[in-house]
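Each value in this text was obtained by applying a stated rule to the coordinates, not by laboratory testing. Fair warning: this is a prediction, and the values are worked out from it, not measured in the lab.
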Amino acid sequence: MLYLYISLLINKAERIFIFDIDNTLANTWPSLTYNINSRKERLSGLSVFINMRFLIRQIMQDKKNKVIFLTSRNNYDLFVTCNWLRSVGINCSIFDVIIVGNPKTKIRYIKSVVRFYNQQLIYIDDLTYNHERGNMKKYSFVKDIYSLPIQYFGYKFILAINDAKLDRNIKYENIFSIK
Ligand SMILES: [Mg+2]
């Protein structure tokens, strides 16, 4: 958190994009149905949604932006998470990956960023669970997000992006309605 604060001051980023990983950038839930030896093996072998990857890479190229990955995993997954991001062509440092113990803590984290950062904050997270049991559910606290002064893009948006035939000339500003 402190690191983020300092890095925002140094970078003078005009916008922060906070991306979830599982089921937003990584096609995670099918992996829960496979027989895989270890958690590490499962997480390092996740397939990537190429459209979301394309957008994130574009966002990162623009110096106005700061991209942070916010994921509900175990703390010890930090390195496997970073290595996976690098393996799919997303160059990030371990300081740009924030791991929280449960999804609800993500909202606390977003609120704390909102408190000290008064510029544009764009948050992309499906905030869903239970896909692997064929009965996808949304976290009840999704509604808390809508009262925050941020742009939130949730499950339907993510699905539409990842399922689309995305024009490679498209600009991320248009996708995220950024002026
Ligand atoms: Mg997710």
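Structure values in brief
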quantity	calculated
Largest to smallest principal axis extent of the C-alpha atoms in the range 1-155, angstrom	45, 33, 28
Kirkwood-Stokes translational diffusion coefficient of the range 7-65, alpha-carbon pairs, 10 °C, 1.306 mPa s, µm²/s	119 µm²/s
Across Lys64/Lys171; Lys64/Lys111; Lys106/Lys137, pairs whose alpha-carbon gap is larger than 19 Å	Lys64/Lys111
Sequence-separation-based contact order of the chain, relative, with Cα cut under 8 Å and 6+ spacing, percent	26 percent
Alpha carbon Rg of the range 80-121, scaled by the compact-globule rule 2.2 N^0.38 Å	1.40
Axial C-alpha extent at least 18 Å, average Kyte-Doolittle at least 1.0 - helices from the chain (DSSP)	none
When the range 21-107 is reduced to its Cα atoms, the Kirkwood hydrodynamic radius in Å	13.5 Å
Extension gain from Tyr155 to Lys63, taking 0.36 nm per residue of separation minus the Cα-Cα distance	30.4 nm
Dimensions in Å of the range 72-159 - Rg and Dmax from alpha carbons	14.2, 40
